[in-house]
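The values are calculated or read from the model by the stated rules, or taken from the named source; none is laboratory data. Computed from a predicted model, the values in this text were never measured in an experiment. In this analysis, Cβ positions are derived from the backbone assuming ideal geometry, glycine residues included, and neighbour counts consider all displayed protein chains. Heavy atoms of the whole protein, side chains included, go into the accessibility calculation; ligands, DNA and RNA do not. Shrake-Rupley method; radii C 1.70, N 1.55, O 1.52, S 1.80 Å.
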Amino acid sequence: APAQRVVRLLDFLAARPGQRFGLSELARELDLSKPTCLGILTELVAGGYLVRDPRTVTYGLGPALVAAGRAARQGFAVSDIARRHLEELSARYCTTCTASAVVGEQILLLEGTGPVPVKVGQTYPFAPPVGLMYVLWDSDAAFDAWLAKPPAVPVKLDERRLREVVAECREHGYLVESQTAGGRRLYSLLAGMAADDLPAHVRELVGELVTSLGERVYLGAELDPRRRHAVSLLAAPTFDARGRQELVLTMYVGEAVTGAEIARRGAALVATADAVTRDSGGRRPVDR
């Protein structure tokens with residue numbers, strides 16, 4: 001579709017800030033014919049979304065995208081606050097941290113700090129088995145609504161286990177996700193897709209890679225303070241002025257650490273999330 005070609009071109013250039021490309025190179029990279037690619041480039045240059053260097057005859061991002069980006073960020077002002085606090089956390093633990101939220105029917109990555117670059121603006125489907133942490137600290141109704149969504153891929157849902165996860169994460173204030181190969185592959189495959197984008201046969205194959213949803217989360221009783229546990233990441237929520245869950249902040253671990261170290265990092269992440277909640281005018285929920 002014509003609109004998809006425009007989005008692909010803008011995504012290609014946005015992923016390579018400061019670089020410029022000629023018509024032939026763009027057409028080849030995006031698998032477009034030169035006339036089609038030239039037509040898109042010409043319209044985007046006319047609108048100010050791209051600029052054309054007349055000397056080198058190359059194209060790069062234009063000033064209209066700056067204005068659009070600023071306007072878009074106004075709707076996510078809390079992400080700027082989150083970034084400031086996450087930078088401190090990343091420096092303290094020499095790791096990558098992120099802030100993300102549910103926007104419409106998708107999860108949107110808003111900020112990333114630390115040594116490993118993340119793709120801000122990346123989206124994921126907000127449907128089981130993806131998105132549990134975005135309803136853990138929200139209302140019971142929000143959790144039930146997410147649980148009732150058609151799954152992005154086939155997955156075994158153990159409601160009893162999930163409700164144990166909800167209760168414990170609310171008590172401790174953070175989630176500990178185990179490190180599994182299936183989980184990493186799942187997120188990689190679903191990046192940028194809507195829940196219903198995958199063909200049926202691919203959904204079935206992916207489902208075979210994914211462990212039971214609740215089994216990817218450690219409960220407190222499973223974390224021995226002295227024993228090492230393979231951990232993918234920790235997550236904690238921020239809240240808005242109504243006391244509703246707003247952002248999810250994550251701290252990447254990606255290795256086996258002791259239960260005591262998990263508790264220390266979890267407490268630091270919760271303190272960071274509380275600071276973001278406070279500085280953005282939010283409040284912790286009194287009840288659910």
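Details
- When each of Tyr59, Tyr93 is tested for being within 30 Å of Gly114 (Cα to Cα) and aromatic (Phe, Trp, Tyr), the lone residue that passes is Tyr93.
- Scope segment 218-230; condition modelled with pLDDT of 85 or more and within 21 Å of Val135 (Cα to Cα); matching residues: Tyr218
- Hits in segment 132-164 (condition: free of Cβ contacts under 8 Å to residues at least 60 places away in the same chain and assigned to a loop (DSSP other than H, G, I, E, B)): Ala148, Lys149, Pro150, Pro151, Ala152, Val153, Pro154, Val155, Lys156, Leu157, Asp158
- Criterion: at pLDDT 85 or above, over 11 Å from the mean Cα position of the chain (by Cα) and small (Gly, Ala, Ser) - qualifying residue of Ala101, Ala77, Ala82, Ala72: Ala82
- Within segment 256-288, restricting attention to residues that are touching a strand residue (DSSP E or B) at 6+ places or on another chain (Cβ under 7 Å) and among the charged types (D, E, K, R), the residue that is farthest from Ile81 (Cα to Cα) is Arg265.
- Listed by first and then second residue, the pairs linking a residue in segment 251-275 that is on the phi > 0 side of the Ramachandran plot to a residue that is surrounded by 15 or more Cβ atoms within 10 Å (Cβ to Cβ), with Cβ atoms under 7 Å apart and 6 or more places separating them unless they lie on different chains, are Gly254/Gln179; Gly254/Ser232.
- Val270 falls short on exactly one of the conditions (1) over 26 Å from Trp146 (Cα atoms); (2) assigned to a helix (DSSP H, G or I), and that condition is (1).
- Candidates Arg160, Arg83: the one that is open to solvent by 60 Å² or more (accessible area, probe 1.4 Å) and in contact with a helix residue (DSSP H, G or I) (Cβ under 9 Å, 6 or more places away or on another chain) is Arg160.
- Hey, Gly254 in a loop (DSSP other than H, G, I, E, B) and either surrounded by fewer than 23 Cβ atoms within 10 Å (Cβ to Cβ) or polar (S, T, N, Q) (or both) or not: no
- Within segment 213-228, the only residue that satisfies the criterion of being more than 18 Å from His172 (Cα to Cα) and open to solvent by less than 20 Å² (accessible area, probe 1.4 Å) is Leu213.
- Only one entry in Ala167, Ala68, Ala91 is open to solvent by 70 Å² or more (accessible area, probe 1.4 Å), assigned to a helix (DSSP H, G or I) and among the aliphatic types (A, V, I, L, M), namely Ala91.
- Count of residues meeting criterion [on the phi < 0 side of the Ramachandran plot and open to solvent by 40 Å² or more (accessible area, probe 1.4 Å)] in segment 94-143: 13
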